[in-house]
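Engineer: Before I ask anything, let me first share the structure, which is written out below as structure tokens.
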Amino acid sequence: MNASPSNTLERWLTGPRVGTLPTPSSLPAPKLSFEFFPPKNEKLEADLWTCIRRLEPLAPRFVSVTYGAGGSTRSRTHDTVARLAKETSLTPAAHLTCVGATREEVDEVAQAYWEAGVRHIVALRGDPPAGAATYEPHPGGYAQAEDLVRGLRRIGDFDISVGAYPEVHPAALSADADLDFLKRKIDAGASRAVTQYFFDTDIYLRFLDRCHAAGITAPIVPGIMPVSNFASLKRFSAMCGASVPDWLGRLFEGLDEDVDTRRLVAATVAAEQVRILQANGVDEFHFYTLNRPDLTYAIAHILGARPAVAAG
Ligand SMILES: Cc1cc2nc3c(=O)[nH]c(=O)nc-3n(C[C@H](O)[C@H](O)[C@H](O)COP(=O)(O)OP(=O)(O)OC[C@H]3O[C@@H](n4cnc5c(N)ncnc54)[C@H](O)[C@@H]3O)c2cc1C
């Protein structure tokens, strides 16, 4: 006997059932953070500040500014963070890496942040400088993020975030060794981890289970990357070890020259991702904004974030 559906309606009625996702009004407002990169020229600086001003009313918990490979953006990162501290209502966080600097030099940068009133550091090992295949610690430098976290603790009572890798860091000896490194960074004094971006929510949710089983209790905040340029995402993901699922490729198929449709697709993909995470109980999200506000604003809105109303 042929068990397959004999007509369209039967096929629809015998397919797997998927429940509705909860609506934001039934869920607590999410805690958000936004990541920016320091601008290279005046035009990009103006774009960044338009982005910051657009996202500021959403009152994120913090906004972070990345640190270019090998400390190449040291002064631009510092200037952007200092301006955020001085001219906005936002809480800035400065990314800091171990690459290409002695401990004393890294400590000086951290000390300068402390003196500028910056209390949150995203502590990272950093990637090998351009041209170097593998990471070599600087002689006299902090070898890895765990050491940097300890060094920062000696300088001041910083709020420290560290990186986490749901799909395992590309240089890790094994998934368990990678998890052990994450636990050591948190035990050394970090208060949260922010993940590398991912697209399959199952990968992240399984990673949370593994973190919990390893005794980690700090939040492992999902890093959300709204994709607007699929070609450059593919290139970047190959370097940082994030997988790009086939289904995502299919969604962007044929849209290389069609920016508007790409943005609609990007918003839909990211909205679906965050809503599934939210339905699974996650209520903290870190957005890789790429210094463009619109997708992040829309997705944060879908999560239930609304502009803070000024008192009075
Ligand atoms: C949220 C986020 C923000 C980032 N921002 C920046 C930025 O602003 N600037 C920048 O340059 N990079 C940035 N990165 C990238 C980061 O610098 C790289 O992924 C880097 O290769 C690892 O940094 P980490 O702090 O995770 O390193 P660590 O935690 O020190 O190490 C990463 C992994 O490498 C392995 N490992 C480390 N040390 C050893 C060892 N001694 N023996 C064996 N295995 C070891 C472990 O598996 C470990 O989990 C960011 C990454 C994330 C997730």
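The values are calculated or read from the model by the stated rules, or taken from the named source; none is laboratory data. What you are looking at is a predicted structure, and each value in this text was computed from that prediction instead of being measured. FYI the Cβ positions are ideal-geometry reconstructions off the backbone, even for glycines, and counts take in every protein chain you see.
Engineer: Which pairs turn up if I take residues in the stretch 185-208 that are within 19 Å of Gly249 (Cβ to Cβ) and look for partners that are small (Gly, Ala, Ser) and in a helix (DSSP H, G or I) with beta carbon separation below 8 Å, at least 6 apart in sequence or on another chain?
Structural biologist: Close Cβ pairs (under 8 Å, with a partner that is small (Gly, Ala, Ser) and in a helix (DSSP H, G or I)) do not exist here.
Engineer: Looking at Ala110, Ala82, which is the one that is free of Cβ contacts under 8 Å to residues at least 60 places away in the same chain, away from the ligand (no atom under 15 Å from the Cβ) and outside any loop (DSSP other than H, G, I, E, B)?
Structural biologist: Values: Ala110 fails: away from the ligand (no atom under 15 Å from the Cβ).
One residue alone meets the criteria, Ala82.
Residue-by-condition table, conditions (1) among the aromatic types (Phe, Trp, Tyr); (2) buried (at least 20 other Cβ atoms within 10 Å of the Cβ); (3) not in a loop (DSSP other than H, G, I, E, B):
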| position | (1), (2), (3) |
| --- | --- |
| Glu104 | no, no, yes |
| Ala123 | no, yes, yes |
| Ala130 | no, no, no |
| Glu136 | no, no, no |
| Ala143 | no, no, no |
| Glu146 | no, yes, yes |
| Ala172 | no, no, no |
| Ala193 | no, yes, yes |
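Engineer: If Asp176 passes every condition in (1) charged (D, E, K, R); (2) under 22 Å from Ser64 (Cα atoms); (3) in contact with a helix residue (DSSP H, G or I) (Cβ under 9 Å, 6 or more places away or on another chain) but one, which one does it miss?
Structural biologist: Against the list (1) charged (D, E, K, R); (2) under 22 Å from Ser64 (Cα atoms); (3) in contact with a helix residue (DSSP H, G or I) (Cβ under 9 Å, 6 or more places away or on another chain), Asp176 comes up short only on (2).
Engineer: Conditions first: (1) in contact with a strand residue (DSSP E or B) (Cβ under 9 Å, 6 or more places away or on another chain); (2) near the ligand (Cβ under 8 Å from one of its atoms); (3) modelled with pLDDT of 95 or more. Gln144 passes all but one, so which condition is the exception?
Structural biologist: Exception for Gln144: condition (1).
Engineer: Would you mention how many residues in the stretch 200-220 are within 15 Å of the ligand (Cβ to nearest atom) and of a type outside the set (Lys, Arg)?
Structural biologist: Total meeting the criteria: 9.
Engineer: Going by the structure shown, is Gln196 in contact with a Phe, Trp or Tyr (Cβ under 7 Å, 6 or more places away or on another chain) and within 8 Å of the ligand (Cβ to nearest atom)?
Structural biologist: Values: in contact with a Phe, Trp or Tyr (Cβ under 7 Å, 6 or more places away or on another chain): yes; within 8 Å of the ligand (Cβ to nearest atom): yes.
Yes, satisfied.
Engineer: Let me ask something additional. Mind listing whichever residues of the stretch 139-168 are under 20 Å from the mean Cα position of the chain (by Cα) and more than 27 Å from Phe198 (Cα to Cα)? Break it down stepwise before answering.
Structural biologist: Filtering the stretch 139-168 for residues under 20 Å from the mean Cα position of the chain (by Cα) gives 144-146, 148-149, 158-168.
If the condition is that a residue be under 20 Å from the mean Cα position of the chain (by Cα) and more than 27 Å from Phe198 (Cα to Cα), then Phe158 is the only one that fits.
Engineer: State whether the residues of the stretch 238-247 include one that is of a type outside the set (A, V, I, L, M, F, W, C) and either under 23 Å from Ala123 (Cβ atoms) or surrounded by 20 or more Cβ atoms within 10 Å (Cβ to Cβ) (or both).
Structural biologist: Taking the stretch 238-247 and keeping what is of a type outside the set (A, V, I, L, M, F, W, C), we get 241, 243, 245-246.
Applying the additional criterion that residues be either under 23 Å from Ala123 (Cβ atoms) or surrounded by 20 or more Cβ atoms within 10 Å (Cβ to Cβ) (or both) yields 241.
Yes, that holds for at least one residue.
Engineer: Which members of the stretch 118-136 meet the condition of being at pLDDT below 95 and away from the ligand (no atom under 14 Å from the Cβ)?
Structural biologist: Within the stretch 118-136, just Gly131 meets the criteria.
Engineer: Can we say Leu251 is more than 15 Å from the ligand (Cβ to nearest atom), free of Cβ contacts under 8 Å to residues at least 40 places away in the same chain and over 27 Å from Ala175 (Cα atoms)? Walk me through how you get there before you give the answer.
Structural biologist: Numbers: more than 15 Å from the ligand (Cβ to nearest atom): yes; free of Cβ contacts under 8 Å to residues at least 40 places away in the same chain: yes; over 27 Å from Ala175 (Cα atoms): yes.
Criteria met by Leu251.
Engineer: While we're here: Looking only at the stretch 199-245, which residues are touching a helix residue (DSSP H, G or I) at 6+ places or on another chain (Cβ under 6 Å), within 22 Å of Leu303 (Cβ to Cβ), assigned to a loop (DSSP other than H, G, I, E, B) and not polar (S, T, N, Q)?
Structural biologist: Listed by number, the residues that qualify are Phe199, Ala218, Pro226, Val227.
Engineer: Please go through the stretch 86-102 and pick out each residue that is among the aliphatic types (A, V, I, L, M), outside any strand (DSSP E or B) and under 25 Å from Trp49 (Cβ atoms). Working first, answer last.
Structural biologist: Residues of the stretch 86-102 among the aliphatic types (A, V, I, L, M): 90, 93-94, 96, 99, 101.
From what's left, outside any strand (DSSP E or B): 90, 99, 101.
Within the stretch 86-102, just Leu90 meets the criteria.
Engineer: Can you pull out the residues in the stretch 20-45 that are in a helix (DSSP H, G or I) and more than 24 Å from Val122 (Cα to Cα)? Write out each step before concluding.
Structural biologist: Step one: filter the stretch 20-45 for residues in a helix (DSSP H, G or I), giving 24-26, 42-45.
Once the filter is applied, which keeps residues that are in a helix (DSSP H, G or I) and more than 24 Å from Val122 (Cα to Cα), the stretch 20-45 yields Pro24, Ser25, Ser26, Glu42, Lys43.
Residue-by-condition table, conditions (1) out of contact with any Gly (no Cβ under 9 Å at 6 or more places or on another chain); (2) surrounded by 17 or more Cβ atoms within 10 Å (Cβ to Cβ):
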{"site": "Arg74", "(1), (2)": "no, yes"}
{"site": "Thr80", "(1), (2)": "yes, yes"}
{"site": "Thr88", "(1), (2)": "yes, no"}
{"site": "Asp107", "(1), (2)": "no, yes"}
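Engineer: Counting just the residues of the stretch 157-170 that are under 23 Å from Thr217 (Cα atoms) and more than 7 Å from the ligand (Cβ to nearest atom), which one comes out surrounded by the most Cβ atoms within 10 Å (Cβ to Cβ)? Walk me through how you get there before you give the answer.
Structural biologist: Here is the first cut: in the stretch 157-170, the residues under 23 Å from Thr217 (Cα atoms) are 157-169.
Now narrow it down to the ones that are more than 7 Å from the ligand (Cβ to nearest atom): 157-161, 166-168.
Numbers: Asp157: 10, Phe158: 23, Asp159: 18, Ile160: 24, Ser161: 27, Pro166: 24, Glu167: 20, Val168: 17.
Result: Ser161.
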